[in-house]
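Heads up: the structure comes next, in structure tokens.
The values are calculated or read from the model by the stated rules, or taken from the named source; none is laboratory data. None of the values given here were measured: they were computed from a predicted structure. Here the Cβ is made from the backbone with ideal geometry for all residues, glycine too, and neighbour counts use every protein chain on show. We work out accessible area using only protein heavy atoms, side chains counted, and drop any ligands, DNA or RNA first. Shrake-Rupley method; radii C 1.70, N 1.55, O 1.52, S 1.80 Å.
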Amino acid sequence: MYKAFQDVISNVSATVLKHEASLGRPVIGVMPAYFPMELIDAAGGYPVQLWGNNLPIHHADAHLQGYCCSVARSMMELELRGSAKMVKAYAFTTLCDTLVNLREIYNRTFTKPDVVLSMPMTRTMEARRTYLKDGLKSVASGLESITGQKITDESLADAAACHGRTRELQRELYQIRRDKPGLIKNRDFYSVIKAGFFLPRAVYNEMLSELIQKLAPLEAPEGKRVSVVVSGLVFDPIDVFDIFDELGMDVVDDDFANGWRTVSKDTLQTSNLVEGVARYLYEAAPCCCLYNADNDRHDYLVEKVRSAKADGVLFWYINFCEPDAFDAPLLKARMKEEGIPNSSIDIDLTTTNLDAVKTRINAFAEILEG
Amino acid sequence: MTKFRTVSKMKEIMTNYYVEAKTTKEKPIAWITSGAPVEFLYAMDVIPIYPENHAAMCASAHQAMDVIDAAEAAGYSQDICSYARTDFGSAMTKGGPVGGLPEPDFLLCSTNICKTVIKWYETIARVKKVPLFVVDTPFLHEGLTQGLIDYSIQQFKDLERFLADFTKRPFDKDRYQNVLEMANESTDLWMSILRLGKTIPTPINAMDAFIHMAPIVTLRGTQECVDYYKELLVEVEERVEQGEASIPNEKYRVLWDNLPIWFRLSRLGKFFTEQQCAITAATYTNSWGGMVKGKWESDDIYEMMAASYLYNYINLGFKERIEYLAKLIEENSLTGFIMHSNRSCKPYSVGMYRLQEEVSALTGKPGIVIEADQNDSRAYSDAQVETRLEAFFESMDPVVTA
Ligand code: SF4
Ligand code: SF4
């Protein structure tokens, strides 16, 4: 059932090249996180999401210090190796200090054009809109000059419907996972989500609906297994999910930037784009990188664990990710206060030896089995 | 290095400032980032307290590691900016040269230095249960634009409303105007002092400027600050007239990019003196010197204020950073430049290898990147840094005197 998705993630280049040819659209590499890809589709581009990879770092060392996260380092490695040739342009957001500067490095080092969506981090709502209005104008014209096509009301509405449909289907899949823990293996689940980073919407949506239909009549395996919510920036290296599978643990929900924090976003409202993008960014799940005083991460995570009936939370820390590191101590303290067991793993995307991670997850599972 | 007479005066005004902050009964206290628009606070009689300045003090007094250990023991990762770790640890233990900071009534944070401060201040807000006001001054990927100015002004106006609500009296526009004038005057004085760096031999070394910048960071907008820099300016001018140098036999003149290594100031000061290398200019000290001059024109005080808070060195895109670095090298007749790749400060450091290459290519001057940290001495090795610097000194052509 999952083979098609797995094939995509183990052959990313081939997949993207194939669809690039059939769509005849320029590939736009979308950097982390929350760039409204609807705009790229509406301008006739083919958005491909880059969340880092597991390439060993050889070339990126000359550009990025060892204290930069492996997400940034591995993306730079990809470009420096010439493995991102099909990417014609990049779309950045101002997610964190590292990515803000990474954009500047790309801009000085490579010749590919780019657009940057600067995300307003203020509690002044009026100002947020003022700023987004300006920012979106420049993003739209930047995309139009990259693709050579105009964004029209119609193309935007179509793209919004298509992307909105993707997230709706993904939410159905998340719901199935909650309702029937163990039915979808952890690795399979994240292979499905990850395949979506690279496929054109229409193709992916069809694959997703087919999968959901197949899953509908199936039941969860008998017996109670240990269940956890996982929280972090990106759910890679994906091999970590094999560990959960081997140990018979079910991830019943997540709080990943490239998981639920994105999946939870409603269909982009395009009739008033500024308002639509403001909602897109700040409503739905909170993120450590998006300052929003009205959307508390602590309450949110407690509620998630409770409603998913999870036994505990595992924090999945990508080394050197400051925004995540800042939140961790108080978030963990709150979990403790609420009587929610938690543990954490520290990892790089490029980590190949997962023994230490396995030991930690195993120890956590034993506590939860209690 | 020859010390300035005003050093004792500075110690006095800084002590008075901390004493007032720690003893006040009437005035509210706000913790504020070094790049936040403090003028609004002074206008409403709020005492600003700068955790960054305090963290630097802890490190200069060699008391940072103890408090950093406390923060790490409480779960704060070594990956977090060491200023924030110092601040968290000092709040937990009341450690550091002033025995911890006075409690905040609210927080004011501006993103023109980094996004990290949002995380830092969100954490303080949770721990201390006080309100946080963020003034977002976005990174200038494409330079200053009217959109960015308007965005900042809207937040300034909201900040005025916030302060009026908080203090339960209307925002004092006249006072604000007055504070702004004093802030501008001290900024101008500070910049005049730094500009004298172009004199050969260097009258004021950045190693001195790092110490003497405390008032411009913390007291900008007060009369004490204006008076202090008037005095310092006189002293630096005297040195210029008398041809008095900051170090004997100046052979090299360099730029320092990024924060100082606070816990090694005196050792490095000696080392540079022995090597006959003056640190003539620094992007860090210049950051409080009104860099915006000539970059934006308007009669509106809010517009100019927005422009100056946006146009801050580490808030600039690389094209502008490169041009600025090259300009400093040129104007100050520098023989080379040193870039401190600071593990704590990603906005300042990420991309530094590229900057170094481009600036060298543009100016024909050698540059070097050294790996260190502003506060965390575990990320620093004397031997490694000094060996690299020695090799770098040899690669420079000595300064040409007339
Ligand atoms: S993992 Fe963290 S530090 Fe790295 S790019 Fe993502 S948000 Fe930034
Ligand atoms: S040292 Fe750098 S990261 Fe830390 S608060 Fe200052 S600007 Fe931000």
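Points worth noting:
- Between chain B and chain A, roughly 4400 Å² of accessible surface gets buried, counting both sides and using a 1.4 Å probe.
- Taking amide H as placed 1.01 Å from N in the peptide plane, A:Asp114 has its amide H under 5 Å from the amide H of A:Tyr90, each at least 5 places away in sequence or on another chain.
- With coordinates expressed along the principal axes, the C-alpha atoms belonging to chain B extend over 61, 51, 41 Å, beginning with the largest.
- Within region A:8-150, the percentage of alpha carbon pairs spaced more than 18 angstrom apart rounds to 57%.
- Between amide H atoms placed 1.01 Å from N, distances below 5 Å from A:Leu354 occur with no residue 5 or more places distant or on a separate chain.
- Whole-Å semi-axes of the ellipsoid equivalent to chain A (Cα gyration tensor, √5λ, descending): 31, 23, 22
- Carbon/sulfur fraction of accessible area - chain A, other protein chains in place, 1.4 Å, %: 50
- Area of B:His62 that stays accessible when all protein chains are in place (1.4 Å probe, Å², to 10): 120
- Legend: mean number of C-beta atoms from other chains within 10 angstrom of residue C-beta atoms, peptide B:326-335, equals 0.
- For region B:348-390, the square roots of the Cα gyration tensor eigenvalues, ordered a ≥ b ≥ c, give a/c of at least 1.5 with a/b no greater than b/c, which places it in the oblate category.
- Normalised convex hull volume, region A:19-94, alpha-carbon set, Å³ per residue: 91
- Per principal axis, descending, Cα span of region A:216-277 in whole Å: 48, 31, 15
- Most fluctuating residue given options A:Ser138, A:Ser344, A:Ser74, as computed from a GNM of chain A linking Cα atoms under 10 Å: A:Ser138
- The A:Lys336 and A:Ala220 beta-carbon pair, evaluated with R₀ = 30 Å, returns a calculated FRET efficiency of approximately 0.50.
- Fraction in percent of alpha-carbon pairs per bin - 10 Å, the protein assembly as shown: 3, 13, 23, 25, 19, 11, 4, 1, 0, 0
- Net charge in the neighbourhood of A:Gly44 (other residues with Cβ under 14 Å of its Cβ; Lys, Arg +1, Asp, Glu -1) is -2.
- Surface exposure of region A:8-150, expressed per residue as accessible area with a 1.4 Å probe, stands at 34 Å².
- Taking amide H as placed 1.01 Å from N in the peptide plane, the amide H of A:Asn342 sits under 5 Å from that of A:Val313, each at least 5 places away or on another chain.
- Accessible area of region B:7-158 divided out per residue, in Å², using a probe of 1.4 angstrom: 31
- With viscosity 1.567 mPa s and temperature 4 °C, the Kirkwood radius over alpha carbon pairs of region B:7-158 converts through Stokes-Einstein to a diffusion coefficient of 79 µm²/s.
- All other residues whose Cβ lies under 14 angstrom from that of B:Leu233 are scored, Lys and Arg at +1 and Asp and Glu at -1, for a net of -4.
- Other residues with beta-carbon under 10 Å from the beta-carbon of A:Ala60 carry, at +1 per Lys or Arg and -1 per Asp or Glu, a net charge of -1.
- With every protein chain in place, chain B: carbon and sulfur % of accessible area (1.4 Å): 51
- Stretch in chain B that is longest and holds no trypsin sites (Lys or Arg not before Pro) that DSSP places in a loop and that have at most 12 other beta carbons within 10 Å: B:169-402
- Cα gyration tensor category, rounded, prolate or oblate, for region B:208-332 with a/c compared to 1.5: prolate
- Over the protein assembly as shown: helical MRE at 222 nm, DSSP H runs n ≥ 4 each giving -39500 (n - 2.57), nearest 500: -16000 deg cm²/dmol
- Working note: Cα gyration tensor of region B:63-105, eigenvalues times five, square-rooted, sorted largest first, giving semi-axes of 17, 11, 8 Å.
- Across A:Lys185/A:Lys309; A:Lys194/B:Lys115; B:Lys9/B:Lys230, pairs whose alpha-carbon gap is larger than 24 Å: A:Lys194/B:Lys115
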